[in-house]
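**Q** After the structure tokens below, expect a handful of questions from me.
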């Protein structure tokens, strides 16, 4: 299995495992979800049989085993949704000041097979505004994820610290939002923006949504790795 395929499988599995862990799955499900994240981060090193990657995997498994039966596993599950959207929001926002161009501008330029500065002015302007919109959306999700993690009961941060939140949400509702609905919101924004773009910029190098996704994938792993570099 290639690194990309493995990461895709692990990325799809994580929210399902995390939701299961927060919805009655208990410590075993929580440990599996966290182990899934570890494998996602270490995928390249593990497939390349790097000693450091396998050592970190062993240490992670040992750490998760030691945490079994403690509140720590459920607390750790509160963090990934907030950290993931927060990191992406920061990367999108940071790119607006990058000399290489905004993230969406670079993607559009790559699909148009030109440099970002060579894009039509209206398309260049739109891609920058879209990058900012993604940054705001992800930042909003980060705030929502963090707030719900604080006030969730019985395993939210404030409850675990012994403070009764003035407003509470059941743990299951936090999980539905953080582990499931988050991806629906992001996916809905992605599809909705594509529909608007087709209306505002009808002449594009792709025929339809499927062709658009295919061409994005065809940009290759190296492009996507370098995209988030400063």
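The values are calculated or read from the model by the stated rules, or taken from the named source; none is laboratory data. Predicted, not measured: the structure shown is a model, and the values here were computed from it. A quick note on method: Cβ atoms are made from the backbone with ideal geometry, for glycine too, and the neighbour counts reach across all protein chains shown.
**Q** Please verify whether residue 156 is modelled with pLDDT under 90 and closer than 30 Å to residue 71 by Cβ, treating the condition exactly as stated.
**A** The answer is yes for residue 156.
**Q** Next up: Here are some residues: 53, 59, 43, 13. Which one is under 25 Å from residue 155 (Cα atoms) and either part of a helix (DSSP H, G or I) or not assigned by TED's automatic domain parsing to the domain that holds residue 174 (or both)?
**A** 13
**Q** Output the residue which, of all residues in segment 74-118 that are touching a helix residue (DSSP H, G or I) at 6+ places or on another chain (Cβ under 7 Å), surrounded by fewer than 19 Cβ atoms within 10 Å (Cβ to Cβ) and in a loop (DSSP other than H, G, I, E, B), is modelled with the highest pLDDT.
**A** My answer is 96.
**Q** Continuing with the same structure: Condition test on residue 213, is it under 30 Å from residue 78 (Cα atoms), in a helix (DSSP H, G or I) and assigned by TED's automatic domain parsing to the domain that holds residue 135?
**A** no
**Q** So which residues in segment 216-230 are in a loop (DSSP other than H, G, I, E, B) and either exposed (fewer than 11 other Cβ atoms within 10 Å of the Cβ) or without any contact (Cβ under 8 Å) to a residue 12 or more places away in the chain (or both)?
**A** 218, 220, 229, 230
**Q** Identify, from the list 28, 23, the residue that is within 21 Å of residue 158 (Cα to Cα), outside the structural domain of residue 148 (by TED's automatic domain parsing) and modelled with pLDDT under 90.
**A** The match here is 23.
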